[in-house]
Amino acid sequence: VQLQASGGGLVAAGGSLRLSCAASGRTFSNNGVGWFRQAPGKEREFVVAINWNGGSTTYADSVKGRFTISRDRTRNTVVLQMESPKPEDTAVYYCAVARRSTVAKLPSEYQYWGKGTQVTVSS
């Protein structure tokens with residue numbers, strides 16, 4: 001599976017941004033999918049995850065109420081809608097496919113990773 005995250009860029013604080021994750025090579029419609037991020041000098045951190053059918057999601061406290069994850073199983077894509085981003089959301093965002101169908105929060109629970117897309121939030 002090859003994952004491609006896209007949609008990153010420069011956004012003003014309080015604006016909005018939409019990240020997409022698309023897969024090629026095989027479907028991940030039966031797997032959980034997650035987004036992680038890594039800021040300069042910091043470790044990669046969990047952002048949000050969704051289960052195989054979209055019926056269950058879990059968010060990091062830092063983005064709860066501002067970010068929304070959704071998936072389109074027929075198109076093999078997952079979208080992260082970022083509303084009211086803050087400068088502290090600035091990071092490289094990675095999408096990943098989990099080993100199982102449920103939501104997962106640990107990097108070790110993921111088997112495929114995309115290359116990441118840069119998100120920069122200006123104050």
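The values are calculated or read from the model by the stated rules, or taken from the named source; none is laboratory data. Worth saying up front: this structure is predicted, and the values here are computed from it rather than measured. Positions of Cβ are generated from backbone atoms using ideal geometry, with glycine treated the same way; all protein chains shown enter the neighbour counts. These accessible areas exclude ligands, DNA and RNA; they are computed on the full protein's heavy atoms, side chains included. Shrake-Rupley method; radii C 1.70, N 1.55, O 1.52, S 1.80 Å.
Kindly report the accessible area of the chain per residue (heavy atoms of protein chains, probe 1.4 Å, no ligands, DNA or RNA), in Å².
Values: 6240 Å² over 123 residues.
Accessible area per residue: 51 Å².
Rounded to a whole number, what % of the accessible area of the chain do carbon and sulfur atoms account for, probe 1.4 Å?
Details: 2890 of 6240 Å².
That fraction is 46 percent.
Considering Cα pairs under 8 angstrom that are at least six residues apart, work out the relative contact order of the chain and quote it in whole percent.
Details: 331 pairs, mean separation 45.3, N = 123.
Relative contact order, the chain: 37 percent.
How long is the chain along each principal axis, judged by its Cα atoms, biggest number first, in Å?
Largest first, the chain extends 39, 26, 25 Å along its Cα principal axes.
Suppose the chain between T27 and R99 were pulled fully straight at 0.36 nm per residue; how much longer would it get relative to their current alpha carbon spacing?
On the way: separation 72, 0.36 × 72 = 25.92 nm, distance 1.29 nm.
Gain on extension, T27 to R99, equals 24.6 nm.
Sorted by packing (mean other beta-carbon atoms within 10 Å per residue), highest first, where do 74-86, 93-105, 4-16 land?
Details: 74-86: 17.8, 93-105: 20.3, 4-16: 14.5.
Most protected by this proxy first, the peptides run 93-105, 74-86, 4-16.
Give me the one-decimal nm value for the distance between modelled label points at Q118 and A39, 7 Å along each residue's Cα-to-Cβ direction.
Calculated label separation equals 1.7 nm.
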